[in-house]
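The values are calculated or read from the model by the stated rules, or taken from the named source; none is laboratory data. Not measured: the values here are computed from a predicted model. Cβ coordinates were reconstructed from backbone atoms using ideal geometry, including for glycine residues, and neighbour counts include every protein chain displayed. The accessibility values were calculated without ligands, DNA or RNA, using every heavy atom of the protein model including side chains. Shrake-Rupley method; radii C 1.70, N 1.55, O 1.52, S 1.80 Å.
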Amino acid sequence: MKDSKVEQARIRINAARKHLTDALEAISGPEPDFAKCEACMDMAGDVLPTIIEGELK
């Protein structure tokens, strides 16, 4: 069970990393897209695992 939670956390962290990269790319360059950046940041927050008192939830 614990290995399953750890693997799930890794998958979710990788997804969040992709969304954060997309957010940075959205505001880089001569014409920043703040709406896309905000959407990507929200998606990153949605997929991040929650850890409470040292336990993955």
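Return the pair list, or none, for Cβ contacts closer than 6 Å from residues in segment 1-20 that are closer than 18 Å to Asp46 by Cβ and in contact (Cβ under 8 Å) with a residue 24 or more places away in the chain to residues that are among the small types (Gly, Ala, Ser) and open to solvent by less than 90 Å² (accessible area, probe 1.4 Å), at least 6 apart or on different chains.
Ala16/Ala44; His19/Ala44; Leu20/Ala44
Mind listing whichever residues of segment 24-44 are open to solvent by 50 Å² or more (accessible area, probe 1.4 Å), small (Gly, Ala, Ser) and part of a helix (DSSP H, G or I)?
Of everything in segment 24-44, just one residue is open to solvent by 50 Å² or more (accessible area, probe 1.4 Å), small (Gly, Ala, Ser) and part of a helix (DSSP H, G or I), namely Ala35.
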